[in-house]
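The values are calculated or read from the model by the stated rules, or taken from the named source; none is laboratory data. Remember, it's a predicted structure, so these values are computed and weren't measured experimentally. Cβ sites come from the backbone with ideal geometry, for glycine too, and all protein chains shown count toward neighbours.
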Amino acid sequence: MELGIAILLVIGLAVFTITPLLAPEGSAEDALPIDVTPLTDLKRRRMVVYENLKDLEFEYEAGKVAKDDYQSLRENHLAEAAQLMLASQEQEEITENDLLIEKQVAERRAQRKSKRPDPFVCPECEFENPLSVKYCGNCGKELPQRSRKK
Amino acid sequence: MNQVGAVGLIAALVFAVYGMITGAAAGKLRSPRMLKSAQRAVLGFFAMTTLAVVSLEYLVLTNNFHSAYVAEYSSRALPVLYKIPVLWAGQQGSLLFWTWLLSIYVAAAVLLNRKKNRQLMPYIIAISMGVGTFFSMVTFSVANPFNELNLASASGVTPYAPPDGNGLNPALQFHSMVAHPPMLYLGYVGMAIPFAFAMSALMTRQLGDNWIRVTRRWVMVPWMFLGIGIVLGGQWAYHVLGWGGYWAWDPVENASLLPWLAGTAFLHSVMIQEKRGMLKVWNMVLVILTFFLSIFGTFLTRSGIISSVHAFAKSDIGPWFSVFLAIIAAFSLTVLFLRLDFLKSENRLDSIASRESGFLFNNWILLAAVLAVLWGTIFPVISKAIENVTVTVGPPFFNKVMIPIGLLLLFLTGAGPMLAWRKTSFQSIKRNFTFPLIFAAVVGGVIFYAGVHRLYTWMSLFLCAFVAASIVAEFYKGARTRMKSSKENFFAALYNLTMRNTRRYGGYVVHFGIVLLFVGFAGQAFRYETQGLMGPGDLLRAKNYLFRCEGISTGQKANYQYETVDLSVTKDGHALTVMHPERRFYMAEQQPISHIALRSNLAQDLYVVTEGTDPNSGKAIIHVIINPLVQWVWIGGMVILLGTILALIPSSIERQMGKLHKDQEEAVAAHHVG
């Protein structure tokens, strides 16, 4: 009795485990999303420098750090922050450009698709007929019925 | 239920192997479908090990002595509270327990990272399930707790169940022993997760600071459990072994200290990587070392290659573990070597007088401690291999080496946090060190005047004062600064200061706990002991205490017979208390054990043991130990635990980073939809 339940449980879990592999391609995103994008990484590093700066100021106010140390360390931190900010701006531009390019590519694809509706394409020579015709303007073959509709 | 457990064990092994392969494939092919399947395999692994553990506990609780394991480690008279630890009392059960805890950790890692770290997860699953495969394989093939007892006769094999079991080792029938092994194991096992994170970061080349920020918590939690386990082990030794101490440099004790020391080094050096982008290779080495030492610790505890008071197991799992340790070392070091180019330091050490170099010294000294303890622990094996003579190095070696190391570490505990990042001028050093040094000098003078003349003891207490003063100064200065800038009252400022940077101030609380531990350790120098034979009416003097034997009573409980000595105690002539040390004889196990009588306060413990009856005089052998400051060791342990919990609460920068991640996820999701 207990053994039967245990075996059923094992089978159930095995099915549960294997199911994701049986799902059709493309049902999930097609690649694993990136953990930390370069931009987020730069932002995080900048955050760390700001935090270091805040700590330094706090320690200076608390009297832990001498004035000379404070000033030179502060300059170091600020230079580091500026460098990171520049890098993130560049990265942001890259990201924006990437997005722009991707958008344009998508638009062009859409345009080409709208320009080239299937019904006008000859299945034989792949010529794009400008109108719904009975025979292909390029090779003269008869177009299938479905292609001529619309 | 034996068969159900066996089914669980086999299925767990299958799920582990499947998870390992699918995880690796998901990482290689970057396939979300495979990752999902691997994640489900982890849950399957958890469910199946749980089934095996529940089956074994069921067999124990129902006194099913047909099970070889139950017959070996349990008995009918064993109280229910002590039937639970039967699970980890023997080799087979404890390996199953190890595997189960691993399955809990991996399932938690999978569930907590459902939507995060998706690139790292496939290899994390592959590596941790690789470890799971090893442990379930060993449990299944060489240490199976579900073997049954059978009688072979001419007519064939017939099932056999003895009327009662052998019972649990009486030394393990003690309350802190119920919690000590699980805590220690949670510590050992948990180190598999940071190791998996590190390996996955290396394999996916995602070596920014993400993995290290995520991993810190996964190190801290097992580090905390390991610490609790070590302290509970000390309490057990103190209360049960009857020699009045809590640490004997026993190989198995050392085995638990090794990963704790390596983990401590990691928790410190990780800060340098987060703040300054340095020591990236070193941190990898420390994560690998910590995990390696955890497995090594399990191996020492379980293989019986070195004799110890914990001689629970002499077995044939040694070769399995040796091969596994070799695989871990070869695999991790190869992956590390192949990715060295990605682990270049972003900054350089600016000055010797800086927080970074303080951490670096701390790391070197902790590593020296690891090497010293490791050397002393495995010396019997080395000497046997080289000269064919087993030479054991005892407490004198460890004390000689570890006391100076411990004192240096204690000094750095105070000095390190007072140094600024990057560089500290002499002026700053003067400003920060003056108050703690003056305070320590005053305390040092007072204790010298009070009679503390031994160098190490004096230095220990002097440094304790120095570190305590530096910590108090940190909190005080911080709170004062907040009071000025935020117009808060002192307590609100103290609270907000701590909560803004829980990690730093939690760390200071842990340091304070370490100070208390050292106060307790220093007390050992003033230990006093005496021994005498006592019958009714006999007297025994120990310093200013006088013990009088009022009588000896005997009797029997469910699973043991006892002989209790009633002692009235007077201090400086005034009646103080009555103590009842006891000698027990556990019947099922046929073993005697002493049950100590203890009277504790913050200044000292009065520790009384009866070691049975002297055969010549028929009197009780009474051993009295006056143990100063022992309570501070346990209090220190508690404070360390509290500090660790505090440091686990997310501080403001971690919350900001969490938000940044959420924004990124939303942006990525929106991009996908768009």
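With respect to A:Glu102, determine if the residue is closer than 30 Å to B:Thr424 by Cβ and either modelled with pLDDT of 75 or more or surrounded by 13 or more Cβ atoms within 10 Å (Cβ to Cβ) (or both). Against the criterion (closer than 30 Å to B:Thr424 by Cβ and either modelled with pLDDT of 75 or more or surrounded by 13 or more Cβ atoms within 10 Å (Cβ to Cβ) (or both)), A:Glu102 does not qualify.
Being under 30 Å from B:Met220 (Cα atoms) and aliphatic (A, V, I, L, M) is true of B:Ala493.
Looking at region B:173-184, is at least one residue more than 18 Å from the chain's Cα centre (by Cα) and either over 30 Å from A:Pro38 (Cβ atoms) or in contact (Cβ under 8 Å) with a residue 12 or more places away in the chain (or both)? Checking region B:173-184: at least one residue is more than 18 Å from the chain's Cα centre (by Cα) and either over 30 Å from A:Pro38 (Cβ atoms) or in contact (Cβ under 8 Å) with a residue 12 or more places away in the chain (or both). Whether any residue in region A:17-26 is hydroxyl-bearing (Ser, Thr, Tyr), surrounded by 15 or more Cβ atoms within 10 Å (Cβ to Cβ) and either under 27 Å from the mean Cα position of the chain (by Cα) or facing chain B (nearest Cβ under 9 Å) (or both) is what I want to check. Within region A:17-26 (the criterion being hydroxyl-bearing (Ser, Thr, Tyr), surrounded by 15 or more Cβ atoms within 10 Å (Cβ to Cβ) and either under 27 Å from the mean Cα position of the chain (by Cα) or facing chain B (nearest Cβ under 9 Å) (or both)), the answer is yes, since at least one residue qualifies. Being surrounded by 24 or more Cβ atoms within 10 Å (Cβ to Cβ) and more than 33 Å from the chain's Cα centre (by Cα) is the filter here; which residues of region B:29-50 pass it? Scanning region B:29-50 gives a single hit, B:Ser37.
Flag: B:Val189 does not match the condition of being hydrophobic (A, V, I, L, M, F, W, C) and without any contact (Cβ under 8 Å) to a residue 12 or more places away in the chain. Based on what the data block shows, is B:Phe15 closer than 17 Å to B:Asn113 by Cα and within 11 Å of chain A (Cβ to nearest Cβ)? When the stated conditions are applied, B:Phe15 does not pass them. When A:Glu61, A:Glu75, A:Glu102 are screened for being under 19 Å from the mean Cα position of the chain (by Cα) and more than 30 Å from B:Ala16 (Cβ to Cβ), only A:Glu102 passes. The set of residues in region A:56-70 that are farther than 13 Å from B:Lys477 by Cα, at the interface with chain B (Cβ under 8 Å from one of its Cβ atoms) and buried (at least 17 other Cβ atoms within 10 Å of the Cβ) comprises A:Leu56, A:Ala66, A:Asp69.
For the structure I just gave you, tell me whether B:Tyr508 is hydroxyl-bearing (Ser, Thr, Tyr), under 30 Å from B:Val80 (Cα atoms), in contact with a Pro (Cβ under 8 Å, 6 or more places away or on another chain) and touching a residue at least 60 places away in the same chain (Cβ under 8 Å). Against the criterion (hydroxyl-bearing (Ser, Thr, Tyr), under 30 Å from B:Val80 (Cα atoms), in contact with a Pro (Cβ under 8 Å, 6 or more places away or on another chain) and touching a residue at least 60 places away in the same chain (Cβ under 8 Å)), B:Tyr508 does not qualify.
Taking the listed residues B:Pro592, B:Pro650, B:Pro615, the one that is assigned to a strand (DSSP E or B) and either at positive phi or not hydrophobic (A, V, I, L, M, F, W, C) (or both) is B:Pro592, with no other qualifying. Is it true that B:Gly643 is at pLDDT 95 or above and small (Gly, Ala, Ser)? When the stated conditions are applied, B:Gly643 passes them. Any residue that is more than 14 Å from chain A (Cβ to nearest Cβ), aliphatic (A, V, I, L, M), in a helix (DSSP H, G or I) and touching a residue at least 40 places away in the same chain (Cβ under 8 Å) - is there at least one of those in region B:413-434? For region B:413-434, residues more than 14 Å from chain A (Cβ to nearest Cβ), aliphatic (A, V, I, L, M), in a helix (DSSP H, G or I) and touching a residue at least 40 places away in the same chain (Cβ under 8 Å): absent.
Filtered by the rule that a residue be farther than 19 Å from B:Tyr607 by Cβ, in contact with a strand residue (DSSP E or B) (Cβ under 6 Å, 6 or more places away or on another chain) and either among the hydrophobic types (A, V, I, L, M, F, W, C) or not assigned by TED's automatic domain parsing to the domain that holds B:Glu611 (or both), region B:571-587 gives a lone residue, B:Phe585.
A:Leu73 - would you say it is buried (at least 20 other Cβ atoms within 10 Å of the Cβ), facing another protein chain (nearest Cβ under 7 Å) and part of a loop (DSSP other than H, G, I, E, B)? No; evaluated as a whole, the condition is false for this residue.
Tell me yes or no: at least one residue of region B:54-64 is among the β-branched types (Val, Ile, Thr), surrounded by fewer than 18 Cβ atoms within 10 Å (Cβ to Cβ) and at the interface with chain A (Cβ under 10 Å from one of its Cβ atoms). Scanning region B:54-64, I find no residue that is among the β-branched types (Val, Ile, Thr), surrounded by fewer than 18 Cβ atoms within 10 Å (Cβ to Cβ) and at the interface with chain A (Cβ under 10 Å from one of its Cβ atoms), so the answer is no.
Scanning region B:565-581 for residues that are crowded, with 19+ Cβ neighbours inside 10 Å and assigned to a strand (DSSP E or B) gives B:Val565, B:Leu567, B:Val569, B:Met579. Looking across region B:1-44, the residues that are among the polar types (S, T, N, Q) and closer than 22 Å to B:Thr139 by Cα come down to B:Asn2, B:Gln3. When region B:69-106 is filtered for residues that are assigned to a helix (DSSP H, G or I), surrounded by 20 or more Cβ atoms within 10 Å (Cβ to Cβ) and aliphatic (A, V, I, L, M), the ones remaining, listed by number, are B:Val70, B:Ala71, B:Val86, B:Leu87, B:Ala89, B:Leu95, B:Leu96, B:Leu101, B:Leu102, B:Val106. Scanning region B:130-160 for residues being buried (at least 16 other Cβ atoms within 10 Å of the Cβ) and either farther than 30 Å from B:Ile21 by Cα or of a type in the set (S, T, N, Q) (or both) gives a total of 6. The single residue among B:Lys115, B:Lys83, B:Lys36 that is out of contact with any helix residue (DSSP H, G or I) (no Cβ under 6 Å at 6 or more places or on another chain), of a type in the set (D, E, K, R) and assigned by TED's automatic domain parsing to the domain that holds B:Leu149 turns out to be B:Lys115.
Evaluating B:Lys28 against the criteria (1) more than 30 Å from B:Leu149 (Cα to Cα); (2) within 11 Å of chain A (Cβ to nearest Cβ) leaves one unmet condition, (2). When B:Val519 is tested against (1) farther than 30 Å from B:Ile403 by Cα; (2) touching a Phe, Trp or Tyr at 6+ places or on another chain (Cβ under 6 Å); (3) surrounded by 15 or more Cβ atoms within 10 Å (Cβ to Cβ), just one condition goes unmet, and that condition is (1). Scanning region B:246-255 for residues that are in contact (Cβ under 8 Å) with a residue 40 or more places away in the chain and under 17 Å from B:Arg527 (Cα atoms) yields a count of 2.
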